[in-house]
Amino acid sequence: MNQIKRLCLLFGLLIGTASAATGQVESQQLTSEHIADNVLGIPATRDVRIYLPPGYDKSERNYPVVYFLHTFFENADTFFTQQQGHMPFERAFAAGRLDELIIVTADFNTPAGGSLFTNSPVTGRWRDFLVEELVPFVDEHYRTRNERASRAIIGYQAGGYGAIRIASRHPDVFGVVYAMHPVATGFGHTLMQSRPNWATLGNARSVADLEGDFLSLIFTAIYQANLPNPDKPPLYFDPPATRIDTKLVIDPALTDQLQDSFFLERQVGRFADNLKSLIAFKFDWGRHDGNQDHVYSNQFYTRKLNEYGIPHEAEEYNGGWGDKTFDAGGRIATDVIPFLATHLTFGETE
């Protein structure tokens, strides 16, 4: 390429970047009656962020809404600050690849790092918070298209898990679902109860004692969501296993209860009709995830969905854990946005 062509290309890129309109992110707080009912003292007032597209203030139209669910140890701001997740959307708006829409995030964090978007007597009713409080709040205060055909739920990692879990229970609220690299879709290679540090969990006097121990926090969050026991301080869950000397002793009944409540694969039959009624359903995962349990479980999950005749798309891509997501060439730009453009309703429904 000669120098003149290089300069012309650079000038074109600068003009394109400068002319791309930007939206605004509004900060809100929502006090939840559903979350207030928890035994850990988790604050019921949650941060909410609403991204309004560039044309919002200049129009009177109603917009589709995308609810984005974060993963462990993140909050309502992470998507817009560290990840800059709205930028691929703005580039798509400017390029005409996607009509404008609203994006909503909220803080689903708990002292152990995450709520798993699950109703629990220990941590609160997080699914009810999203469906019965957050969605009506957004529809009441913003110009939204108040219908499932124009409402999508997406997320990544634990948030991808939450997107599938909630959509399977509320297809009347969310018609379109995309889960990026979801966790807990099913069984992996590794024995699940061999992962936590049972000595650390057994000696903890509060969740604060687990700080810095990633797996102990993650499994505390999982157990508080799926094996909650409000009468069992300090961690408030029934342990499905314990380690006596060097031997791992597993409680079969609690393990069965945990798997039924936690693994999406175990819930396919119960929610098959709901999943079949979704307008569009897709999930993906990176082939080179350092934890191959995620790869194995997602492969198994798509086969399980097929066994029940549930329409969906599933893609294993050439990537790893946490990469190829938010950058210019990441999955939001290359896959999520085209998926939304194809399946969300932006104009009047027929």
The one condition Trp126 fails out of (1) of a type in the set (Phe, Trp, Tyr); (2) more than 14 Å from Pro64 (Cα to Cα); (3) open to solvent by less than 10 Å² (accessible area, probe 1.4 Å); (4) in contact with a strand residue (DSSP E or B) (Cβ under 6 Å, 6 or more places away or on another chain) is (4)
Selected residue [of a type in the set (Asp, Glu), in contact (Cβ under 8 Å) with a residue 60 or more places away in the chain and surrounded by 22 or more Cβ atoms within 10 Å (Cβ to Cβ)] from Asp289, Asp293, Asp284: Asp284
Val336 vs. criteria farther than 22 Å from Ala152 by Cα and either open to solvent by 50 Å² or more (accessible area, probe 1.4 Å) or under 18 Å from the mean Cα position of the chain (by Cα) (or both): no
Taking the residues in region 165-201 that are over 30 Å from Lys282 (Cα atoms) and in contact with a Lys or Arg (Cβ under 8 Å, 6 or more places away or on another chain) as candidates, determine which candidate is most open to solvent (accessible area, probe 1.4 Å). Ala199
Within region 40-64, of all residues that are in a loop (DSSP other than H, G, I, E, B) and open to solvent by less than 60 Å² (accessible area, probe 1.4 Å), the one nearest to Leu134 (Cα to Cα) is Ala44
Return the total of residues in region 250-281 being open to solvent by 60 Å² or more (accessible area, probe 1.4 Å), over 17 Å from Lys304 (Cα atoms) and either aliphatic (A, V, I, L, M) or within 20 Å of the chain's Cα centre (by Cα) (or both). 3
Every pair of residues 6+ apart whose Cβ atoms lie under 6 Å, when the first sits in region 122-151 and is over 16 Å from Pro43 (Cα atoms) and in contact (Cβ under 8 Å) with a residue 24 or more places away in the chain while the second is small (Gly, Ala, Ser) and part of a loop (DSSP other than H, G, I, E, B): Arg148/Gly175; Ala149/Gly175
Of the residues in region 204-226, those that are surrounded by fewer than 20 Cβ atoms within 10 Å (Cβ to Cβ), of a type outside the set (Phe, Trp, Tyr) and under 26 Å from Thr185 (Cβ atoms) come to Asp213, Leu215
With the condition kept exactly as written, say whether any residue in region 227-235 is under 23 Å from the mean Cα position of the chain (by Cα) and surrounded by 15 or more Cβ atoms within 10 Å (Cβ to Cβ). yes
Selection from region 65-84 of residues that are crowded, with 23+ Cβ neighbours inside 10 Å, in a loop (DSSP other than H, G, I, E, B) and in contact (Cβ under 8 Å) with a residue 40 or more places away in the chain: His70
Do you know which of the residues in region 296-326 that are part of a helix (DSSP H, G or I), in contact (Cβ under 8 Å) with a residue 60 or more places away in the chain and not hydroxyl-bearing (Ser, Thr, Tyr) is surrounded by the fewest Cβ atoms within 10 Å (Cβ to Cβ)? Phe300
Would you be able to say whether some residue in region 172-188 is part of a loop (DSSP other than H, G, I, E, B), at negative phi and without any contact (Cβ under 8 Å) to a residue 60 or more places away in the chain? yes
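The values are calculated or read from the model by the stated rules, or taken from the named source; none is laboratory data. Here the structure is a predicted model, which is why all the values come from computation and not from measurement. So basically every Cβ, Gly included, is an ideal-geometry build from the backbone, and we count neighbours across all protein chains shown. The accessibility values were calculated without ligands, DNA or RNA, using every heavy atom of the protein model including side chains. Shrake-Rupley method; radii C 1.70, N 1.55, O 1.52, S 1.80 Å.
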